[in-house]
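Shown next, in C-alpha cells, is the structure this report addresses.
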Amino acid sequence: MTLKDTSGNAGRPLAAEVAIIGAGPIGLMTANLLGLAGIRVLVLERNAGLLGLPRAIAYDAETLRLFSQVGLFDDIAPGLIQDPHVRHRNARNVTLMAADFTHGLYGHSSLGTFYQPDFERVLLKGLARFPSIRVAFEHEATKLVPGAKSVTLSIATPSGTTTVEADYVVACDGGASPTRERLGVRLVGSTYSERWLVVDANVKNHSVKQITFTCDPRRPRVELPAVGERVRWEFMQLPGESEETLKRDETIRALVAEAGGAVSFEIERKAVYTFHARVAEHWRRGRVFLAGDAAHLMPPFAGQGMNGGMKDASNLAWKLAAVLRGFAPDAILDTYEVERAPVVRKMVEVSRRLGAVIMPTNRIAAAARDSIFACLNLSSRFRAFIRRGGVVPPPAIRRSGLTSRDRDALVGQMAPQPTVSAGQGASPLDRFLGCHQWLALGVGVDPATMMSERDLGILEALGARFICLNGPARNGRTLSVGCDDPAFADWARRGDIRGLRVRPDRFIAARLAPGRDLDVLQPFVAALTAAHPHVAA
C-alpha cells in the first residue's frame, strides 16, 4: 500500500500529521475534530469495517454538545431517546433513588440512550467532508518507533506491511489497547469479581420508557429503552452459573420473564462482561497519546464509558490543532492528562459507589442499604439532589497551565450554552462559534473593553469570537446578542458573571478582569509573536 500525501505539500515527508489508531466512536470523533482544523489525519482500523455492535448506550450533554460542535448533531438527533426517568428500586419495588433528567445549562439533554452503530456511521460519514483525512480499514498498527519529531508506525495491510510517519499518534484502540502495552503503560485500579449478562433485543410495541436499576439481592438487573423497538437488559451472573448457560436463549427468556419483561422478543446481541475500574498511569508517552478505553476503563453504572472518551477527544484535539498550526508550543499537550485524569478517577469512584448501591446480593447488606435510603428520602433536600442528577458531578476539568491561577470556583467549569437571539430568531450560543474557536463572553458588557491590548492581540491572532449578551457592542469585533434564558440568568447572577474567557472545548479558562493580562494566554505568546509582532507585550 502507498499512502499518498494529498495536502499539496509534496516536500513534506510525513504521510500524516496525526495518526489515529482505532475507528471506534472516540477515534472517529477525534478525526472529525481535527478535520475541522484542516489537520492531515490517517485513521487506522484493523477490522474490515465498523464493528456495528451496540456496546455503549448512554450519552450525556457534553457528548451531544460535541456532536453539535462538529456539525453532526442533526444527523444523530432522530435516533436519541432524550431525558428518560431513572429509577433505582429495591426487591419490593420501593424507589431508592429517582432522577428526572432535563435539558440543563449546556443546551442539550442531560442523559439518554442511543444506538452506537448509528453514532459510528454518522461520524464516519462526517469524515468524507475533509480532503485531509483518510480512513484505512484492515490496517493494523503493529509497531511504533518514537522519534524526536515524529513517530514511525509499522502497519500490516491485506497486501503486506508498510510504514507511515506521523507528527503525533492518538491511540483509541480499546480497553485491551495494544498501543498501551507497547508503550509499557500500566492500568491502575481494580476489576469487579461480578460479571454481567448484557442482552440487546428487538421488542415490538414495548412499554419500556425509563431506565430502571432493580437492586434485588436475588439477582440485580437493569432495564433500558433503546432506539426504535430495542430494549437492553442486564443481569448479574450469580455464583455457580456458567457463561455458556447464562447466554442460552432459553435462559435469557426465563430471566426476562422473571423480571416481568416482554414475552416475545428477538435477541440482537448477548455478551457476558467483566467490569473494570482502571485508569492508565500515563496518558502521554512522547508523541503518543491514549484516549477512551485505552486510557481508562469505567464501571457502567454512571453511563460514562464512551462519554469519558468523548471528553478526551474534545480536550486533546484542539490542543493538537493549535500546536500543529504553530499557535502554541508542544508543552501545552501535557495539560491533557493534567486536566482529564483526575476527573476520570473521580468519575470511576462515582461509578463504583453507584455499583455498591445496585449490586449487593447479601440479603442483610441489601436490607441495610434499603434502611439507609428510607432515612435519606425523608429529606426533601436529598430527594431534590437525586432528582436533578446530582450524583454525577457537573462537567469540569482540573486546573492547568491553560486555566487561570486565580482561586475561583468558576475556572474549570463548562460554560453554559444559553439560547440567544441576534435578529434572526433564537439559536444556541454555540451556533455563533467555530469548533476550535476561543470565546470572550461578556454579560451586559462588551468583553473587548475588559481586556488588555496584549490579550486583544493574542485573541485576534487566534481568531477568537467576542460576544456580548444583553449589552451594547463598543468594539467593532464584538457581536451583541440578546438572551432571556432564565437558567443562564440565574447561573450568571449566582456567579456574579460579567466577563469570561472560554476555551475551544467550551471550558472556562478565566474570568475577565480589566487592567491585567490573562496568564492563561501566556503559553501562546511566543509562538504567535513570530507571525504577529503586534501581539508582543
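The table for this structure:
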| item | result |
| --- | --- |
| Computed label-point distance, nm, for sites ASN377 and THR95 using a 7 Å Cα→Cβ extension | 0.8 |
| Phi-based couplings in Hz for segment 427-444 (Karplus 6.51, -1.76, 1.60; Gly and Pro marked x) | 8, x, 4, 4, 4, 8, 10, x, 4, 10, 9, 6, 10, 9, 10, x, 10, x |
| Compactness of segment 174-213 - radius of gyration and Dmax, Cα, Å | 18.0, 50 |
| All lysines inside 28 Å of LYS143 as judged from Cα atoms, apart from same-chain residues fewer than 8 positions distant | LYS4, LYS311, LYS319 |
| Linear extension gain, ASP249 paired with GLN522, 0.36 nm per residue minus alpha-carbon span | 92.2 nm |
| Projected-area mean, segment 48-102, by convex hull of Cα positions, square nanometres | 6.0 |
| Segment 140-245: trypsin sites (Lys or Arg not before Pro) in DSSP loop, at most 10 other beta carbons within 10 Å | LYS149, LYS204, LYS209 |
| 10 °C / 1.306 mPa s Stokes-Einstein diffusion coefficient of segment 320-376, Kirkwood radius on C-alpha pairs, µm²/s | 107 |
| Average silhouette area of segment 257-414, convex hull of alpha-carbon atoms, in square nanometres | 14.2 |
| Extended-chain gain in nm, criterion 0.36 nm per residue less alpha-carbon gap, GLU266 and ALA367 | 32.8 nm |
| Once the Cα gyration tensor of segment 335-474 is diagonalised, semi-axes √(5λ) in Å | 42, 20, 13 |
| TRP491, TRP196 arranged by Cβ crowding within 10 Å, fewest neighbours leading | TRP491, TRP196 |
| ARG186 versus ARG345: modelled label distance in nm, points set 7 Å from Cα along the beta carbon direction | 1.4 |
| Angle in degrees between helix 25-36 and the longest Cα principal axis of the chain, rounded to the nearest 10 | 20 |
| Between segment 296-350 and segment 466-499, the Cα center-to-center distance that results, in Å | 29 |
| Estimated Rh, the chain: Kirkwood, alpha-carbon pairs, angstrom | 24.8 |
| Fully extended contour minus Cα-Cα distance, from PHE137 to ARG407, at 0.36 nm per residue | 92.4 nm |
| Cα radius of gyration and Dmax for segment 122-260 (Å) | 22.0, 61 |
| Degrees, to the nearest 10: 249-258 long Cα axis against longest axis of the chain | 80 |
| Per-residue ³J(HN,Hα) for segment 207-212, Karplus 6.51 cos²θ - 1.76 cosθ + 1.60, θ = phi - 60°, Hz, x for Gly and Pro | 10, 7, 10, 9, 8, 10 |
| With Cα atoms, 0 to 90° folded angle of helix 363-376 axis to the chain main axis | 50 |
| Where the Cα pairs of segment 1-158 fall when distances are cut into 5 Å bins, in % | 2, 8, 15, 17, 16, 12, 10, 7, 6, 4, 2, 1, 1, 0, 0 |
| Test item: Cα-centred dipole of segment 1-147, Lys/Arg +1 and Asp/Glu -1 on Cβ, debye | 220 |
| Rule-of-thumb Rg ratio for segment 419-535 [Cα; 2.2 N^0.38 Å; N residues] | 1.05 |
| ARG493 paired with ASN475, simple spin-label distance in nm, labels 7 Å along Cα-to-beta-carbon | 2.9 |
| Cross-link pairs beyond the 27 Å C-alpha cut-off, checked among LYS204/LYS270; LYS125/LYS247; LYS125/LYS204; LYS125/LYS346 | LYS125/LYS247; LYS125/LYS204; LYS125/LYS346 |
| Residue-averaged 222 nm ellipticity for the chain, from DSSP H runs of 4+ at -39500 (n - 2.57), nearest 500 | -8500 deg cm²/dmol |
| Net +/- balance of residues flanking GLY126 in space, Cβ distance below 15 Å, scoring K and R +1, D and E -1 | 0 |
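Quick note: the coordinates plus some simple rules give every number you see, no bench work behind them. No experiment lies behind these values; they were computed from the predicted model shown. As a convention, Cβ positions derive from the backbone with ideal geometry for all residues, glycine included, and neighbour counts pool all protein chains shown.
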